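A short reminder: the numbers here are calculations on the coordinates, not readings from a lab. These numbers were taken from a predicted model, which means no experiment stands behind them. Every residue, glycine among them, receives a Cβ derived from its backbone with ideal geometry; neighbour counts consider all protein chains shown.
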Amino acid sequence: MEILIPIGLFFVFLFVVGLVAELKEKGETYSPALKQSMINTRINAMAKELRGYLLDINLEDPAYLLVQATRYRLSLSSNPVNKKAAQILKAPQLFSKEECYEIYWVLEDIYINLREKRKNKFAEGAQWANDTAKRMALIENSCRLWMVTIGAVINPASKDEAQDVWNLLIDSYPYIEDAIALIKMEDKVSSGLHSGDTDNTDYEFLKKEAYFVPEIFKQNTVSLSVGD
């Protein structure tokens, strides 16, 4: 079941995606000031887009997004090679912009690659039920959540929008347990487990960690309205 893998966002500004390769291939041809301005524009757009997405979906759906984002963070923590990346996701303000850039580019590469895979599957005529398509969008946005989180350090002007994103996720806390139950069921189907079988996921620990909020966003948390 491929919906358990973060994939590209359905509604992304096309100029944002196209700019990535251009920056990487021709980054040295831009002045540092222009390069920073272009990156800041992309981060601002992404934060606004993710905030708008969360405002338009049902209140329980951000909980699913948050749990999947948590699962990704924990998967990094379990690998010594990626431990620093997990630390940056948890507390980006403790790291330099350069260190945040490194992880940001990795996340963006993952996003673009998965987005292309999704587009290719649609081009091949793949069909999904509405619920499956919705969860695919939530999962891919879980990857962008960390890009927005890191982006608040790279571009401090985006912090207010990123704060709103986290406030909306905090509003979904009452639905965390439901999200865990759904993900557990999906995992069982995906891995082909039979009734009574178990996998290696510690769902109680996953639930506990899903309530984590990066220190940079713990201040000024307020409730925002999510669409019905």
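Numbers below:
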| item | result |
| --- | --- |
| Label-point separation, Val189 to Asp160 (7 Å along Cα→Cβ), nm | 4.2 |
| Distance between the stretch 57-79 and the stretch 129-182 - C-alpha centres, whole angstrom | 8 |
| Greater than 22 Å apart at Cα, pairs in Lys84/Lys134; Lys90/Lys218; Lys35/Lys218 | Lys84/Lys134; Lys35/Lys218 |
| Neighbour-count order for Leu94, Leu76, Leu59, fewest beta carbons within 10 angstrom listed first | Leu94, Leu59, Leu76 |
